[in-house]
Amino acid sequence: MYRPETDDSAIRRGIADKYREVAVSARGLFKYPIGEASALGLGYPPALIARVPEMVRSRFVGVGNPFALGGVTPGDAVLDLGCGAGFDTFLSAFAVGPQGRVAGVDLSPEMLAIAELGRAEARLTNVEFREAAVEALPFPEASFDVALSNGVLNLIPDKPAALREIFRVLKPGGRLQACDMGLVGEAPPPDRAPWSD
């Protein structure tokens with residue numbers, strides 16, 4: 001198994017540095033499509049995409065559409081893991097309605113600042129954003145019906161701890177809807193950090 005010659009804090013710093021840049025502009029930082037065009041290509045409905053504030057849409061860097069794995073319904077409590085600027089958080093908020101609630105967590109205060117600006121612009125009162133690692137979620141047990149992850153789990157150094165935390169905060173019968181990237185073939189050389197594309 002590939003284990004880079006680094007510690008977890010160095011990985012977190014590398015990820016935080018990259019997403020600090022994304023908060024300014026995501027253009028040129030990824031080898032795959034980003035923004036609204038990417039969301040359309042991943043099957044998100046155009047009418048829903050249009051409801052998300054532009055400042056959030058332009059910073060969408062997801063790798064899939066976690067809603068294709070199952071819907072969220074009015075009244076649900078949804079947790080968006082590694083929410084970034086909040087694209088999937090906003091779509092969840094529209095789906096759960098005012099009787100539901102949505103929380104987004106991310107390591108990047110810069111991305112969360114964009115998410116908060118978007119929340120204010122969209123006038124959403126059923127959404128909260130918190131700075132937190134997936135391995136240490138700031139919520140009580142059995143808080144959420146659905147947890148979403150869009151290109152986040154591959155970035156987490158301690159995946160077993162993250163999964164324990166996710167399932168701790170999910171209600172009995174709750175579900176994780178995750179889209180992610182995986183390595184096929186040979187591992188990259190040790191001097192090539194996986195987050196530095």
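The values are calculated or read from the model by the stated rules, or taken from the named source; none is laboratory data. Everything quoted here is computed from the prediction, not taken from an experiment. With ideal geometry, Cβ positions are generated from the backbone for all residues, glycine too; neighbour counts draw on all protein chains shown. Accessible surface areas use protein heavy atoms only, side chains included; no ligands, DNA or RNA. Shrake-Rupley method; radii C 1.70, N 1.55, O 1.52, S 1.80 Å.
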If the label point sits 7 Å along Cα→Cβ of Q99, residues of region 46-64 with amide N under 19 Å come out as none
Residue-span extension gain [V184 to E141] - 0.36 nm each, minus C-alpha spacing:
12.0 nm
Express the carbon and sulfur contribution to the solvent-accessible surface of region 70-154 as a percent, rounded to the nearest whole number, probe 1.4 angstrom.
53
Just read off the accessible area of V184 with the full protein assembly in place, 1.4 Å probe, to the nearest 10 Å².
140
Per-residue accessible area, 1.4 Å probe, largest first, puts T89, T73 in the order T73, T89
Under a 1.4 Å probe, what is the accessible area of region 46-191 per residue, stated in Å²?
44
In this structure, the FRET efficiency calculated for E110 and T73 from their beta-carbon separation, with R0 = 35 Å, to the nearest 0.05, is 0.65
Report the gain in length on full extension from E128 to R13: 0.36 nm times residue separation, minus Cα-Cα distance, nm rounded to one decimal.
39.0 nm
Sort S9, S149 by accessible area with a 1.4 Å probe, largest first.
S9, S149
Could you tell me which of rounded, prolate or oblate describes region 40-122, using a ≥ b ≥ c as the square roots of the eigenvalues of the alpha-carbon gyration tensor, with rounded for a/c under 1.5 and, failing that, prolate when a/b is larger than b/c and oblate otherwise?
rounded
Area of S58 that stays accessible when all protein chains are in place (1.4 Å probe, Å², to 10):
30
